[in-house]
Amino acid sequence: MASISIEDFLKNVYMLINLGDKANTSKLARRLNVSNAAITDMSRKLAFQNLINYEKYRDITLTTEGEKIALSVIRRHRLWEVFLNEVLEIPWEKVHDEAERLEHQTSDYLINEMDKFLEYPKIDPHGDPIPDESGYFAKQNLTRLTEVTTPVKVRLERIVEHTGVAIEFLNSINCGIGQEINVGIIDKKIRKVFLTISGDDVIMPFEVAENLFVK
């Protein structure tokens with residue numbers, strides 16, 4: 001099994017690309033809370049191991065083997081989030097950090113048994129898709145809340161920030177995955193989104209809305 005640092009690196013490369021972003025040195029350094037130099041050193045190491053494609057000043061991509069490892073880590077993480085939330089009833093804002101620790105210590109056998117016990121969930125508590133044993137998951141075809149055409153009625157399907165401001169805001173207005181939202185105005189000038197949720201008018205900061213994906 002790959003070391004924790006390698007698993008985290010590959011997982012974060014995958015997640016950046018999956019969200020339509022670029023996996024470059026500065027973005028990975030921020031996500032992993034390390035220096036740019038540390039990312040460069042790890043990139044050279046993983047390129048030598050044929051886990052990533054790396055050239056100086058270019059975006060990083062995963063090789064087939066690198067993607068396989070990344071999806072395995074993501075599968076373990078998201079199944080743990082489901083277990084912690086549904087079985088142990090740990091709030092959705094707390095399961096991410098616990099799953100970060102558990103994902104590296106779980107065998108394929110245990111995670112497959114957990115998947116069966118949970119009756120093969122397709123998404124985690126935040127709406128993130130869970131890869132199956134082969135690494136496959138259905139594409140979601142979602143739109144970032146800040147990019148919808150208004151006025152429109154949507155359903156919240158995914159939040160990509162699992163701790164911090166966005167999830168705290170959703171908790172404060174009792175909004176979760178599956179919630180129907182009427183989007184009135186998206187004002188990019190003042191960076192506010194004007195919504196109606198369960199009959200209540202809500203003004204949502206852009207820093208929250210940018211983390212939400214809807215259908």
Whole-Hz Karplus ³J(HN,Hα) for region 63-78, in order, using 6.51 cos²θ - 1.76 cosθ + 1.60 and θ = phi - 60°, x for Gly and Pro? 7, 4, 5, x, 5, 4, 5, 4, 5, 5, 5, 4, 4, 4, 4, 6
Per-pair calculated FRET efficiency, R0 = 30 Å: Lys68 and Ala29 via Cβ, rounded to 0.05: 0.80
Working from the alpha-carbon coordinates of region 1-75, get Rg over Rh, Rh being the Kirkwood radius. 0.91
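Could you calculate the contour length gain from Gln105 to Asp132, that is, 0.36 nm times the residue separation minus the distance between their Cα atoms, to one decimal place in nm? Don't skip to the answer; put the middle values down first.
On the way: separation 27, 0.36 × 27 = 9.72 nm, distance 1.85 nm.
Once the chain is fully extended between Gln105 and Asp132, it gains 7.9 nm.
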Checked against the structure, the computed Cα Rg over 2.2 N^0.38 Å among (1) 1.02; (2) 1.13; (3) 1.08 is the one labelled (3)
Taking the C-alpha atoms of region 70-125, convex hull volume expressed per residue in Å³: 71 Å³
How big is the gap, in Å, between the Cα center of region 30-95 and the Cα center of region 187-215? 29 Å
Convex hull of region 143-214 built on C-alpha atoms - directionally averaged projected area, nm²: 4.1 nm²
Region 1-73: chymotrypsin sites (Phe, Trp or Tyr not before Pro) in DSSP coil with no more than 11 other Cβ atoms inside 10 Å: Tyr57
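So if R0 is 25 Å, what FRET efficiency would Glu119 and Glu89 give, r being the distance between their Cβ atoms, rounded to the nearest 0.05?
Calculated value: 0.90.
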Would you please give the residues with an amide H less than 5 Å from that of Asn53, counting only those at least 5 places away or on a separate chain, with H modeled from the backbone geometry? Thr61, Leu62, Thr63
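Using alpha-carbon pairs under 8 Å, 6+ residues apart, how would you state the relative contact order of the chain in percent?
After rounding, I find 15 percent.
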Given charges of +1 on the Cβ of Lys and Arg and -1 on the Cβ of Asp and Glu, with all other atoms neutral, how large is the dipole of the chain about its Cα centre, in debye to the nearest 20? 920 debye
Listed here are the pairs Lys22/Lys189; Lys45/Lys192; Lys94/Lys215; Lys45/Lys188; which of them are more than 31 Å apart at the Cα? Lys45/Lys192; Lys45/Lys188
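FYI, it's all coordinate maths here, none of it is from the lab. Here the structure is a predicted model, which is why all the values come from computation and not from measurement. When we count neighbours, we look across all protein chains shown, and the Cβ atoms used for this are built from the backbone with ideal geometry, even at glycine.
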